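Okay, structure first, notes after.
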Amino acid sequence: MTASAIGSGSPRVLIVGIDPLQRIGAQGITVANLFSGWDPDALGQLVITDAAAPGVSTCGNSHQVASTTFPLEHAFRGLLQGVIRTSGPSTNKIGAVGVSSNEVRSLRVRMHLAARAINDLEPCRLSETTVRWIREFKPEVIYSCLGNARLMKVAIAASEAAGDIPIIPHFMDDWPSTLYADGTLWSIPQKTTRKLLLKLFQHVPFGFCIGDAMAAEYKRRYQRDFSAFMNCVEDSEFTPSPVERKNSSRAELVWTYVGGLHLNRWKPLAAIAKCVSAQGGTLRIFAPEQDIRKHGDALSHLAGTHLSSLAPSDVMNALRDSSVLVHVESFDPDESAFTRLSVSTKLAQYLGSGRPILGFGPAGLASLQLIADASAGVTVTTNAPEPLADTMNKLAGDTDLRRKLSESGFAYAKEHFMKGAVCRRFLHMLEGASAMHKQHLPLGTPDDM
């Protein structure tokens, strides 16, 4: 989608996030795609980290909040890096995934997790320089994927500094349910996060979610309308793909996975790799280099399994050069609770590539439901090895089935994930938020937090 498709009429949006807007990681790619074609001068970002800011072609205005915004940060960062720094299953998880309540933790691990929670919940005060920058930028709407208490505080403070402008949150995981759900520090962080959500929603006219299932649940939970916005695919990528040969053998099939190995996704991938190896086929796993270094040994020893990294610009070609695409989710309870309502960023590309999909993970996950709704693949929702092997053998041996699934998924993607249409709808929603604020429409207060 070109800049002229949206042009200078874009509402002035302030993006609040940990890192600058760039096409790195699932969230970064999704947000960058949604803002494709936005007038760079109408797009600003308020970031917490000191990472290098992207070029003005993506976002024309950027500001990093001062270290004084979080006065306790340096003290607790020193503790985490020194006295109580530790590495293990609990401390290496994404914070919002949560720690199992029945997990035995050492004193050092408990101190590490407590310090991390306190660091996240510390007071927030925007500096005069930051407030002045916000007011000079003159945003009409704040957009944020949030993810923790710290970002909620910054978003609320930025809204107030700009004249109580609306905040449009974009939930990509159900972190409000899982963050601090283990009861750290007598559940004080969890209760504080819920109070912050209540305060945040006083500034929220409506919200975005990563998929329809989350949007429906969040509408009930927060008494706001939610619209589904996930990753989208360039219109030019929707081109017919060559039809697979009728007599392709199992040994000729190329199974492809694109994505991270974190959130214990390497475990179900290992089960799939064993089945592909037994068929004599090839499994290509394209994952970030750090994930391969951490989990690659559990996969690379299997015959036919190849691991490497892939530039975002090369993803669609790699998908089209495949027989079957693989999507997995962890069966571990903590991870599945976190991903239950999420929809994988790559699924829009999977469907848009016109290739059949094998989904493997627990029942009830939104990503697997999308594959079923699109009739784009087959899913296995039990962790037992026999159903997986049987399903993969059936898929490998039925060219007509693979072709039918490919055609259904491609048609679904054209209807739902073409960037031009998605970005126009996204623009329309943010224009509506700006208009609601100008009309001083009341928001109401959620009462079921």
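Volume per residue for segment 257-302 equals 60 cubic angstrom (convex hull of Cα atoms). Return the subset of Lys294/Lys346; Lys191/Lys219; Lys274/Lys394; Lys195/Lys438; Lys153/Lys191 for which the Cα-Cα distance in this structure is over 18 Å, preserving the input order. Flagged as over cut-off: Lys294/Lys346; Lys191/Lys219; Lys195/Lys438.
Put simply, the amide H of Tyr257, placed in the peptide plane, has neighbours under 5 Å in Arg284, Ile285, Phe286, Val326, leaving out anything fewer than 5 places away on its chain. Give the residue list of trypsin sites (Lys or Arg not before Pro) in segment 234-341 that are DSSP loop and have at most 16 other beta-carbon atoms within 10 angstrom. In loop regions of segment 234-341 (DSSP not H, G, I, E or B), the sparsely surrounded trypsin sites (Lys or Arg not before Pro) are Arg245, Lys246.
Based on C-alpha pairs under 8 angstrom that are at least 6 apart in sequence, segment 235-416 has a relative contact order of 23 percent. The fewest-to-most ranking of Thr68, Thr391 by surrounding Cβ atoms within 10 Å reads Thr68, Thr391.
How many percent of Cα pairs in segment 237-357 exceed 16 Å? Of the Cα pairs, 62 percent sit more than 16 Å apart. Please compute the net charge surrounding Ala421, taking Lys and Arg as +1 and Asp and Glu as -1 over other residues with Cβ under 10 Å from its Cβ. Local charge sum for Ala421: +2.
Read the figures in this text as sums done on the coordinates, not as results from a lab. Computed from a predicted structure; not experimentally measured. Cβ atoms come from the backbone with ideal geometry, glycine included; neighbour counts cover every protein chain shown.
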